[in-house]
Amino acid sequence: MNRWLLPEDIADVLPAEARKVETLRRAILDLYQSYGYELVAPPILEFLDSLLTGTGSDLNLQTFKLVDQLSGRTLGLRADMTPQVARIDAHLLNREGVTRLCYAGSVAHARTPVGSSAREELQLGAEIYGCASWEADFEAVSLLLQTLSVAGLSKVYLDLSHAGVLAGILDGQALDKGDIEILYGLLQSKDRPRLAIWAKSLPVKSAQALMALTELNGPCAQVLASAKQSLPKHQLIDEALAHLEKLAAATAALSSDIELSIDLADLRGYQYHSGVMFAAYVDKLPQPIARGGRYDHVGQAFGRSRPATGFSMDLLTLANLAPVAKRRPAIVAPWIVDAGLASKIAELRNVGEVVIQAMAGDAIETAEYLCDRELVKQGSSWEVKKK
């Protein structure tokens, strides 16, 4: 047995990449702090019923499960941190006003997600609780775009959708959870022939609206204009389209590097989201680099149904796409016991220099540092000299 082998789609993060991940994590969390977000760190294990509260069946399938030997109850190894953060907001903080929370922690998936090559991620996210207006969604989108900018990814393709459109189309229809799952899959794949067959049991206007959704994708202005003509008049639909129109206009004004589009059939996470949804794409990655949106009902099972919006992404994937960091300059020093040398090394490290001690004749093998200087004793003092 090869004891160094890891489970399928589980990988180590080696030094140079780990430093890039940690550098990004610090920079991004500092960015969030500048907006007033507070950092939380939920536990990696929770009781399963709490961990899956307010989520769809997809998260249940992705969650590792085990039995707690102390209580006998089933535990889950988290696959998503959002329900945990919602629990913290609803039950532990219990604030009345707007609360901004951010997080960065490991999540694990029982199955490798579609489009991914890893079952473990370092999930990074930011969420706003207690604000139901579209301005909160805009803050989430703009913060997401700044997050990608910190990683050196300026060209972003942002796809918008809204759960309210489908809710308006299906208003008054008695559909069970299984029917919704099938519909969600048909819309996601834009399978018009099977969707037409599935929708035969619905009123004609609802069926026609569902078919129209599969074609309502593309540039924002074009899609919104078509949607207003082809979708039925309904308060939920009208509000959703107005919300998207405001959000698209405000986001477009942020930068010319943002390419905006709307896809009203992109309803991934429909059972989870309650309003606007968005997905960010970047070059060289076929799947979204980040997803987000409004999920006002996640905290309901914890005793407080609060307006909520936010986003999350995998920091490991983000770091992999970020430009390669330059090797940091370092100073080589003798690995000997010398009071003057120790004092000089401490002085250099205190001002931010990297000092690596090595035995005489030993080669320094490192992927992170460029050893371009050395400490040399001149007379009674130690001086830094170029190698």
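Among the residues in region 98-109, are any over 28 Å from Phe302 (Cα atoms), in the same structural domain as Gly36 (by TED's automatic domain parsing) and of a type in the set (A, V, I, L, M, F, W, C)?
Residues of region 98-109 that are over 28 Å from Phe302 (Cα atoms), as a first pass: none.
No, there is no match, as no residue in region 98-109 is over 28 Å from Phe302 (Cα atoms), in the same structural domain as Gly36 (by TED's automatic domain parsing) and of a type in the set (A, V, I, L, M, F, W, C).
Sort through Asp30, Asp9, Asp49 and tell me the only one that's farther than 24 Å from Leu144 by Cα and either of a type in the set (Gly, Ala, Ser) or free of Cβ contacts under 8 Å to residues at least 60 places away in the same chain (or both).
Numbers: Asp30 fails: farther than 24 Å from Leu144 by Cα; Asp9 fails: either of a type in the set (Gly, Ala, Ser) or free of Cβ contacts under 8 Å to residues at least 60 places away in the same chain (or both).
That would be Asp49, the only listed residue that is farther than 24 Å from Leu144 by Cα and either of a type in the set (Gly, Ala, Ser) or free of Cβ contacts under 8 Å to residues at least 60 places away in the same chain (or both).
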Count of region 157-200 residues which are farther than 14 Å from Leu231 by Cβ, in contact with a strand residue (DSSP E or B) (Cβ under 9 Å, 6 or more places away or on another chain) and polar (S, T, N, Q): 0
What's the total number of residues in region 49-92 that are surrounded by 15 or more Cβ atoms within 10 Å (Cβ to Cβ) and assigned to a helix (DSSP H, G or I)? 15
In region 302-338, the residues that are among the hydrophobic types (A, V, I, L, M, F, W, C) and within 24 Å of Tyr37 (Cα to Cα): Phe302, Ala308, Phe311, Met313, Leu315, Leu316, Leu318, Ala319, Ala322
Restricting to region 54-91, count the residues that are more than 26 Å from Arg291 (Cα to Cα) and under 23 Å from the mean Cα position of the chain (by Cα). 0
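Do you know which of the residues in region 322-340 that are among the β-branched types (Val, Ile, Thr) and more than 28 Å from the chain's Cα centre (by Cα) is nearest to Asn350 (Cα to Cα)?
Restricting attention to region 322-340, the residues satisfying the condition of being among the β-branched types (Val, Ile, Thr) are 324, 331-332, 336-337.
Cutting the leftovers down to more than 28 Å from the chain's Cα centre (by Cα) gives us 331-332, 336-337.
Details: Ile331: 14, Val332: 16, Ile336: 20, Val337: 19 Å.
Filtering first and then ranking leaves Ile331.
For (1) touching a residue at least 24 places away in the same chain (Cβ under 8 Å); (2) within 30 Å of Leu148 (Cα to Cα); (3) of a type in the set (D, E, K, R), each residue gets a yes or a no:
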residue	(1), (2), (3)
Arg328	yes, yes, yes
Ile336	no, no, no
Gly340	yes, no, no
Lys344	yes, no, yes
Arg349	no, no, yes
Ala358	yes, no, no
Gly361	no, no, no
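Under the condition of being of a type in the set (A, V, I, L, M, F, W, C) and in a loop (DSSP other than H, G, I, E, B), which residue from region 96-118 is farthest from the chain's Cα centre (by Cα)? Walk me through how you get there before you give the answer.
We begin by selecting, within region 96-118, every residue of a type in the set (A, V, I, L, M, F, W, C); these are 98, 101-102, 104, 107-108, 110, 114, 118.
Now restrict to residues that are in a loop (DSSP other than H, G, I, E, B): 98, 110, 114, 118.
On the way: Val98: 21, Ala110: 18, Val114: 15, Ala118: 15 Å.
Ranking the candidates gives Val98 first.
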Which residue, of Leu260, Leu285, Leu315, is farther than 23 Å from Tyr184 by Cβ, within 21 Å of the chain's Cα centre (by Cα) and surrounded by fewer than 18 Cβ atoms within 10 Å (Cβ to Cβ)? Leu285
Residue within region 363-380 that is of a type outside the set (S, T, N, Q), without any contact (Cβ under 8 Å) to a residue 60 or more places away in the chain and closer than 30 Å to Asp9 by Cβ present: yes
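The values are calculated or read from the model by the stated rules, or taken from the named source; none is laboratory data. Predicted model, so just to flag it, every value in this text is computed and none were measured. Counting neighbours? That spans all protein chains shown, and the Cβs are built from the backbone with ideal geometry, glycine included.
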